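Take a look at the structure below.
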Amino acid sequence: EKNINLQIGLYIKEELETYENVRVEMTRSTDVFVPLLNRSVIAANNSADFFVSIHCNSLASKSTSMNGSEVYASLNPNFATPTARMGNLILAELQAAGMNNREVRTVRGESGDYYAVIRNTVARNIPAVLVEEGYLHGSHDYGVLTSAEGQKKLGVANATGIAKYFELKKK
């Protein structure tokens, strides 16, 4: 998963940099582990306008019937609307790229947002979403997630959704 996520992230960066006035900061650009808290610190230190975390879903059962993309948004009242909007824009682009739209979701934890990357980032006053690009064992998704062509298609789709959110213009 980590290699797939990194490659999709690099494609997102590459595509976003074709737009005017965009600076993309990644929490990693090589195969290194960045602790969850450090990811939000990197975002804050770079004055991020938004934080997008890239992942792939996996099921313990290794079921091949689960397929599709979903985005987790923040429950925090100050960030619920912008993160849901970003999630819907990204999902619309992923769906246009051939992925099943499994909707924008939220998950409540003991202290607000369940996902640490969302919770820690919104605590630093930065909106954040977590994108599950697809299911690693999904009969449809596997081929997309593991091919360079599929990874690029997903990266471009994510970037296009982000560009629409910020109303960016191509260079």
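For this structure, a couple of remarks:
- Gyration tensor verdict on the range 70-171 (Cα atoms; rounded if a/c is under 1.5, prolate if a/b is larger than b/c, oblate otherwise): oblate
- Neighbourhood charge, 15 Å Cβ-Cβ cut-off, centred on ALA97 and excluding it, Lys, Arg +1 and Asp, Glu -1: -3
- Gained length - VAL32 relative to ALA148, 0.36 nm times residue gap less alpha-carbon distance: 39.7 nm
- Cβ-Cβ distance of LYS164 and GLU1, R₀ of 22 Å, FRET efficiency by 1/(1 + (r/R0)^6): the value works out to about 0.25.
- In this simple spin-label model, placing a label point 7 Å from the Cα along the Cα-to-Cβ direction at both GLU103 and SER139 gives a separation of 2.3 nm.
- Using the rule -39500 (n - 2.57) for each DSSP H run of four or more residues, divided by the residues of the chain, the 222 nm mean residue ellipticity is -13500 deg cm²/dmol.
- The range 83-128 versus the range 28-50: alpha-carbon centroid distance in Å: 17
- Within a straight-line Cα-Cα reach of under 26 Å, LYS62 can be paired with the following lysines, leaving aside sequence neighbours fewer than 8 residues apart in one chain: LYS2, LYS152, LYS153.
- For the range 28-171: accessible area per residue (Å², 1.4 Å): 50
- Residues in the range 103-137 that a label on SER61 would reach, taking backbone N under 16 Å of a point 7 Å out along Cα→Cβ: 135-137
- Contour excess over end-to-end distance, with Cα ends at THR81 and GLU20 and 0.36 nm allotted per residue: 19.4 nm
- Taking all protein chains together and rolling a 1.4 Å probe, TYR72 ends up with roughly 30 Å² accessible.
- Neighbourhood net charge (14 Å Cβ-Cβ; Lys/Arg +1, Asp/Glu -1) for LYS171: -1
The values are calculated or read from the model by the stated rules, or taken from the named source; none is laboratory data. Being a predicted model, the structure only gives us computed values, none of them experimental. Every residue, glycine among them, receives a Cβ derived from its backbone with ideal geometry; neighbour counts consider all protein chains shown. Ligands, DNA and RNA are stripped out before the accessible areas are found, and what is left, the full protein with its side chains, is counted by its heavy atoms. Shrake-Rupley method; radii C 1.70, N 1.55, O 1.52, S 1.80 Å.
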